[in-house]
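To start, the structure itself, in structure tokens.
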Amino acid sequence: MESRVEAETSCFPHVEPEASSSVERSEAGSEEDVFGKLTVGQLVHPGEVGCRLRPQDGLGDLAEALAATGRTAMAVVDDQDGGSVVGMVTVNDVMRAYFEGTPPQTRLSEWLGSGEARAPARLLQRLVVPPCAPLVEVAEKMVSNALAGDCACHHTIVQGENGFLFGIVSSHDLVRALCHGEDWGRGQDAEIAAASLSVQDVMKTRNRIFTCPPSDTMKEVLKILLVTQQNSVLVVDQEGAHVFGLITPRDVVKAFADVVDIGLTVEDWMRDRTPSADRTIMSDSRLDDAAAIMTNRKVDHLVVLHPERREVVGIVSSLEILLCTRADAPLLRSMPLWEGPTVAEVLVKNQSLTWTCPKGSTFGEVADVLTRSARTSTVVQIGDEGFRCGLLTENDIVHAYVEGRKRSDVVESWMAGIEPPFLQVLPSTPLTEAASLMLSAAEPHHSCHHLVVKDAIGEWLGVFSALDIARALTNLSTELDIARTGMEETTVGMVMKLIEFLPRCEPTDTIRDALTVFDISGQNALVVEDDEKVHGLLTPRCAIEALAREVPQNCTVAAWVLDSRRSQEGPREVQINTTLGDAAGIMAMHALHHLLVVEEAGGPPVGVLSSLDLARGIVSINYHCPFMSLSWLRHFVGPSRLTLEAGGGEDKMKHKRPRGPVVGEADASSPSHHRQRLV
């Protein structure tokens, strides 16, 4: 590879730094500057910090350059555009590319434009600081970006007058300045202040550390790192008591540069790695000792040991040290939030599924539209003046059918009498928030499966349904987005409704009597069951089809629903160990809102999965509802006692991955209201 590691001496068009955060701080001038008023210009000199690559260089070039220089980020500079910086690439970009299976020869220009990069050109404004900026403001900027979670947070680009590029400052550089102030003439007082805290005062405690077994593959470790946005994972034995190593982004960069197979186990990969003893520190050590070890060994993470028992009590990183520089700095959230695509983006991909019925439409015409489109709602034009709309859903069709409405009855006159309510959202509403609204709007004996999407001036743009959540999950384009939802680690059995708690009807019941149960129960699925077995499900779609075909109300469930279902193609059931991702794919492909759940193929049903249950499964990412779709991560959180393995532990390293909760078991690490959802 032609070396493209160059000193940062180029110039580039000026990117205006964000306004100084000091103007926003209350009584900022009275607060102590733990960096002793040191500025970026005193810490960084042109050509001394950072490297650069060209847009035409590849991801493999980036990994090799980072591994060779020991740096964790580089600027991407376009010499053909006057030396302008078009982005910054970091060790986290290498991790993401490694996880996604992106080829090493992929050009950096392609990566920066892929939507997966952590610091593309559009985010540079949030990452630029001038040389005169105090280091305390740079630390605050890093913390702020870490809290936002949507861009690089361990680095800032230093830009001088006229766009002169000084270099890149990392959190590691700030830690060095914090704990070794004598290098910049900060004085003894600042040095004493830096030494007043010990490692145990700032470290991440063991109950917040993620772990993996040696039998995990590199891809499984990358998944934990990327989903949690944590930059370290401990490798532990089967009992979770012995620690064999620490994996950080620097290690991943070396693996990517060496073209290590992502399917290789951690155990095999670690055989040639640096022993963990080189990355340890005692909990009662001073912070400047930690900074010295990080600087000398070119690492950003240290395993923290108890000074007497040699137990692992935590991990300290350069970012943790920065978090202690401001007493009023908010704590980092324990898990990053994944919001998903907006409802507008989902509707754009499914434009053909949004239907509008003109004024004067009859129930028969509406039922025909819903039957053909496989939708569960339609927009109906109502009113004599202007363009007014109403929302007619499958549940409204159920009410109309039970009331005895005919195909020829006009919908508008019926809607004027009941005015069905609906929730409104803006097109910018994220997927998880839309799902959360559906769940929070649910009331006893009433569920919410639809949201009306309106713009700022109130114009109708479409209708977002619970099934659109399944469609959105199925259309996720990157492996990391899929991993962040937790849907590949969450099974149907974790979110389904137990069949014994669902309302029933018998095959001999009339359709009218059976559909009346929907109003009483507030459920959108009835189990059709007799003394012998469960025959299937009755859903509001049955009412739509019955109204469309003018099926008499006194027709029995067996004669209409069960017979008609036998002629329909597509699966009607899934096994209990099916992942939410696979279940969402079945629902989206066949436009099914409900699936029977069985323990094994051909076995009796044990539950029912609805599209709203999918919403419940993923919405927990925003913590608005009491269910954890990312509960699989709990099995990778460090146990109460961890002992560093000094060596000779190959036998202990050979074990299976910690198993997750199974059907019939409760997850002892989860709150009681979570355990109640495990079946």
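Read the figures in this text as sums done on the coordinates, not as results from a lab. Small disclaimer: the values here were computed from a predicted structure and weren't measured. When we count neighbours, we look across all protein chains shown, and the Cβ atoms used for this are built from the backbone with ideal geometry, even at glycine.
Students often get this wrong, so check it: of Lys497/Lys533; Lys254/Lys298; Lys349/Lys497; Lys219/Lys349, which have C-alpha atoms separated by over 20 Å?
Values: Lys497/Lys533 18 Å; Lys254/Lys298 13 Å; Lys349/Lys497 30 Å; Lys219/Lys349 30 Å.
Correct reply: Lys349/Lys497; Lys219/Lys349.
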**Study point:** Stretchable slack from Thr106 to Lys298, in nm (0.36 nm times residue separation minus alpha-carbon distance)
**Key:** 66.4 nm
Review point. So who's got an amide H within less than 5 Å of the one on Val235, skipping anything under 5 residues away but keeping other chains? H placed 1.01 Å off N, in plane.
Key: Cys212, Phe244, Gly245, Leu246, Ile247
Study note, to complete from the structure: Given backbone amide H placed at 1.01 Å from N, residues whose amide H is under 5 Å from that of Ala133, ignoring those fewer than 5 places away on the same chain, are Val40, Gly41
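Say R0 is 30 Å: what FRET efficiency, to the nearest 0.05, do Asp481 and Gln56 get from their beta-carbon distance?
Details: r = 28 Å, r/R0 = 0.92.
Efficiency, rounded to the nearest 0.05: 0.65.
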